[in-house]
Each structure stands twice: as structure tokens, then as C-alpha cells.
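Reviewing the structure listed below.
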């Protein structure tokens, strides 16, 4: 599966600590390789093909379209869902 990162997600990622970004990207890569991987992934309610990955208090929102996983948002838990 191919992984894309949206420009808005890159901009948001600059605010996060480096170790969190590394763990989020590693978790995303593990999930892209094997969807049964032990990663905290949940489907977003009310939306099709939109998921989130959790690492500590940070979240990564992504969509899956065909063989492409697109990271759309990265941010702390509280402000990301608004």
C-alpha cells in the first residue's frame, strides 16, 4: 500500500515532538503493510474510509482509497476533532 501525506498534515506535524511523529509514521507504515498489525486504529464514526491512529495524546487521521493511504491530519487529541 502506498502512503501519501497531505500538505496540511505536514504543516500540523511541525508542531509535534519529533519522537511522536516518528512513532505515528512507524505505526502507519505497520498498518499499511499489514492491516491486522497491533496498532491502535479505529474507524471514525459517521465517515467512510476515515480512520485514526493513536500514540499517547496525539492522533493521526487518514483515509484509504484503493491502494493509497492518505494522512490528512496530525495533532493533539483535543484539538484534532474540532
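Per-residue answers, yes or no, for (1) under 21 Å from residue 66 (Cα atoms); (2) in contact with a strand residue (DSSP E or B) (Cβ under 7 Å, 6 or more places away or on another chain):
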site: 3; (1), (2): yes, yes
site: 7; (1), (2): yes, no
site: 13; (1), (2): no, yes
site: 17; (1), (2): no, no
site: 20; (1), (2): no, yes
site: 28; (1), (2): yes, yes
site: 31; (1), (2): yes, yes
site: 35; (1), (2): yes, no
site: 44; (1), (2): yes, yes
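Taking the condition at pLDDT below 90, surrounded by 15 or more Cβ atoms within 10 Å (Cβ to Cβ), out of contact with any helix residue (DSSP H, G or I) (no Cβ under 8 Å at 6 or more places or on another chain) and not in a strand (DSSP E or B), does residue 47 pass?
On the way: at pLDDT below 90: yes; surrounded by 15 or more Cβ atoms within 10 Å (Cβ to Cβ): no; out of contact with any helix residue (DSSP H, G or I) (no Cβ under 8 Å at 6 or more places or on another chain): yes; not in a strand (DSSP E or B): yes.
The answer is no for residue 47.
Only one residue in 52, 59 is free of Cβ contacts under 8 Å to residues at least 60 places away in the same chain and surrounded by fewer than 18 Cβ atoms within 10 Å (Cβ to Cβ), so which one is that? Please lay out each step first, then the result.
Numbers: 59 fails: surrounded by fewer than 18 Cβ atoms within 10 Å (Cβ to Cβ).
None of the other options fit; the residue is 52.
Could we say that residue 21 is in a strand (DSSP E or B) and in contact (Cβ under 8 Å) with a residue 40 or more places away in the chain here? Step through it out loud before you land on a result.
Working: in a strand (DSSP E or B): no; in contact (Cβ under 8 Å) with a residue 40 or more places away in the chain: yes.
In short, no.
May I ask you to verify whether residue 73 is surrounded by 13 or more Cβ atoms within 10 Å (Cβ to Cβ), assigned to a helix (DSSP H, G or I) and at pLDDT 90 or above?
On the way: surrounded by 13 or more Cβ atoms within 10 Å (Cβ to Cβ): yes; assigned to a helix (DSSP H, G or I): no; at pLDDT 90 or above: yes.
Taking the combined requirement at face value, the residue does not satisfy it.
The values are calculated or read from the model by the stated rules, or taken from the named source; none is laboratory data. The structure presented is a predicted model; accordingly, all values stated were derived computationally and were not measured. In this analysis, Cβ positions are derived from the backbone assuming ideal geometry, glycine residues included, and neighbour counts consider all displayed protein chains.
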